[in-house]
Each structure stands twice: as structure tokens, then as C-alpha cells.
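These notes are about the structure you will find just below.
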Amino acid sequence: LLIVSLIGAVGIALTLGIQQLTASRAALVQQNQQRSALLDILPSASYDNQPLQHPLAISQPLLANSQVLGGYLATLGGQPSAILLRLQTSGYGGPIELLIAISHTGKLLGVKTLKQSETPTLGGHIAEPNNPWLVALKGRSLEDPKDSAWALKKDHGQFDQMAGATITSRAVTNTVHDALRFFDDHRQLMLEQPPND
């Protein structure tokens, strides 16, 4: 009976150990997938650090149309190459959280929707990978005269809106403008500060 109990205890311990090891590996794989999903708006050749491990020491200021939730610094060869900013705004269906990548020169590298509750067949399209409407914003900046009117055409600006989703479109373009303006106003501070570890 003692031997059977001992074999049972060893079996349970071995099973628990394997489960723990497997769970740790699964968590690491999931973490790496999440990191890759966030960083896919940055061109892979534009950084060689782990930007998400280098948060910027910025407060969470309220901007004209959104709020900065945080930021990250991407570097290449030890030099700042891009900033990732997380911003939140209000859309038609509730809060919209965006991740916005801006090059060190102030050009928009990409926009990714992290959270949203917009109408699925209308504004909810902003959550689709490589959404053409969001992709069309790439390369914009505050310094380019053609990009000076950061508003929808409906509001006498430069940008088309997504069909049937004016409120969502307006919220996103205004938030992207906020991000570019915030970067422009704080460029030197964000690019020169040592990233927090």
C-alpha cells in the first residue's frame, strides 16, 4: 500500500510539473504573439529593440479630441526611430483605443485599433487587419501642406470618411491628428529621454 501511494504521489507531482512547464511555454508563446500583433504597424527594418519594453515617461494628458494612455520608444542602432502612442477617444459605440506609430521625422507609420465597440458592419471595420481606410492615412504628417486640413471632406477637410460611419471616421482622424500634434509638441523630449526599463 505504501509503494502504491508513493507511485501515485510521484505520478501526480510529475503531471503537475509537466502542466506547469507547458503552461509557462504557452504563456510565453501568447505573449510573443501579442507583441508581434502590436508591433506589426512598425516596419520591421525600422527598429532593433523591444519597443514595448521601453515605455516613455509621459503623463496621460487630455488632448483636443482624445487622451494619451501611454507611449513606447522604438530604436535602431541605439538611435530613436519611432514612437508608438496609445490614445483613447469616443466613437459612436463607445471608447476607441488606437495604437499610432510615428517616425522620428513626424510621419505617420500606421494606425491600429486595439479596442472598439462600433457598429460591426459600419465603424467596426476599423478593427479589421490592414483596413484600407486606416492604411490610407500612412505617410501623413503635420508638416506636409496637403495634410494641413485634418478633417473629413464632409467637414471641409482632406479625408474621406468610411461609408456610413462618419462619427467613427471623425473620431479616428481627430485622434491621429492629436497624436501627430502631441508628437510634434513633445518630439525632443520623447526622442531624447532614456526609455524606462
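The values are calculated or read from the model by the stated rules, or taken from the named source; none is laboratory data. Quantities reported herein were computed from a predicted structural model and do not represent experimental measurements. Ideal geometry is used to build each Cβ from the backbone, glycine not excepted, and the neighbour counts take in all protein chains shown. SASA here: full protein model, heavy atoms, side chains in, ligands and nucleic acids out. Shrake-Rupley method; radii C 1.70, N 1.55, O 1.52, S 1.80 Å.
Assorted remarks:
- If the chain linking Leu76 and Asp40 were pulled fully straight, counting 0.36 nm for each residue of separation and taking away their Cα-Cα distance, it would gain 11.4 nm.
- When peptides 178-184, 80-86, 56-62 are ranked by their average number of other Cβ atoms within 10 Å per residue, the highest-first order is 80-86, 178-184, 56-62.
- Ranked from largest to smallest solvent-accessible area, with a 1.4 Å probe on the protein heavy atoms, Ser5, Ser44 come out as Ser44, Ser5.
- Point-to-point label distance, Ile18-Ser117, nm (Cα→Cβ direction, 7 Å offset): 4.3
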